[in-house]
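Note sheet for the following structure.
Please treat every number below as a calculation from the coordinates, not as lab data. Model, not experiment: these values are computed from the prediction. Cβ: placed from backbone, ideal geometry, glycine included. Neighbour counts: every protein chain shown.
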Amino acid sequence: NAGVTQTPKFQVLKTGQSMTLQCAQDMNHNSMYWYRQDPGMGLRLIYYSASEGTTDKGEVPNGYNVSRLNKREFSLRLESAAPSQTSVYFCASSDGTDPGKLFFGSGTQLSVL
Amino acid sequence: QKEVEQNSGPLSVPEGAIASLNCTYSDRGSQSFFWYRQYSGKSPELIMSIYSNGDKEDGRFTAQLNKASQYVSLLIRDSQPSDSATYLCAVIYNQGGKLIFGQGTELSVKP
């Protein structure tokens with residue numbers, strides 16, 4: 001039972017580099033989410049996708065783009081990484097019937113130097 | 001005002017005591033409330049949900065909701081060292097159905 005799988009687990013970037021965080025779920029969930037977590041800040045929603053083909057901004061979307069490739073996959077792209085984007089990134093999914101019941105991936109620790 | 005606020009802690013309680021974690025929220029129209037537990041270096045996991053005013057019990061955990069006061073709490077009875085974690089309060093906001101988290105309260109249960 002894989003659940004929600006995120007790759008990579010760790011990444012170090014230089015300022016200005018780009019990268020894509022990958023997320024896939026095998027629970028046939030409609031909704032998928034990207035959060036970032038910084039010390040003392042809790043989890044902040046970056047983008048979410050309520051269903052295949054739709055995406056919406058969350059609390060902190062600036063500097064990020066997303067793609068809902070299909071029902072299983074939801075990727076997060078940093079086009080030009082900045083030190084302020086150093087964080088732990090979590091992907092999550094839910095079946096949509098109760099958007100508060102999220103299943104999280106194991107996270108990606110990203111450092112931007 | 002932050003949309004979901006928690007005492008940042010850390011909260012330290014002795015083993016066997018009751019731990020009380022508190023959360024306030026700003027959107028009066030919110031209807032759904034959740035508590036997640038996050039062990040250090042791990043991802044959050046859902047432990048409780050509550051939708052109606054009053055108390056909801058699940059084992060040693062009790063969630064309490066007071067919509068008039070815009071307040072939700074989590075009580076952990078007979079606290080164990082294995083309960084040491086960060087507890088995140090989360091609220092579904094009326095607009096757009098997004099799940100918004102508080103900053104989390106770190107709980108430490110001392111043997």
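Computed values, structure above
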quantity: Stokes-Einstein diffusion coefficient of the stretch B:31-94, Kirkwood radius over Cα pairs, 10 °C, 1.306 mPa s, in µm²/s; calculated: 129
quantity: Shielding score for B:98-107, defined as the mean number of other chain Cβ atoms within 10 Å; calculated: 6
quantity: Rotationally averaged projected area of the stretch A:1-91 (alpha carbon convex hull; nm²); calculated: 5.8
quantity: Listed residues B:Ala17, B:Ala90, B:Ala63, most fluctuating in chain B (Gaussian network, C-alpha, under 10 Å); calculated: B:Ala17
quantity: Global size of the protein assembly as shown as Cα Rg and Dmax, reported in angstrom; calculated: 17.5, 51
quantity: Other protein chain Cβ atoms within 10 Å, averaged over every residue that makes up A:42-48; calculated: 6
quantity: GNM top mover of A:Gly16, A:Gly63, A:Gly40 - chain A, alpha-carbon springs below 10 Å; calculated: A:Gly40
quantity: Relative contact order of chain A, defined on C-alpha pairs under 8 angstrom at six or more residues apart (%); calculated: 36
quantity: Normalised contact order of chain B, rounded percent, pairs of Cα under 8 Å and 6 or more residues apart; calculated: 38
quantity: Listed residues B:Lys67, B:Lys56, B:Lys98, most fluctuating in chain B (Gaussian network, C-alpha, under 10 Å); calculated: B:Lys98
quantity: Amide N of the stretch B:1-35 lying under 11 Å from the label point, which is placed 7 angstrom from the Cα of A:Asp98 along Cα→Cβ; calculated: B:32-35
quantity: In order through the stretch A:40-56: 3J(HN,Hα) via Karplus (6.51 cos²θ - 1.76 cosθ + 1.60), integer Hz, x for Gly, Pro; calculated: x, 10, x, 9, 10, 6, 8, 8, 9, 9, 6, 7, 4, x, 10, 9, 9
quantity: Simple spin-label estimate for B:Leu11 and B:Asn53 in nanometres, 7 Å along Cα-Cβ; calculated: 2.3
quantity: Paired Rg and Dmax values of chain B, which use every Cα atom, in angstrom; calculated: 13.4, 43
quantity: Length released on extending from A:Lys9 to A:Leu113, taking residue separation times 0.36 nm less the Cα-Cα span; calculated: 35.7 nm
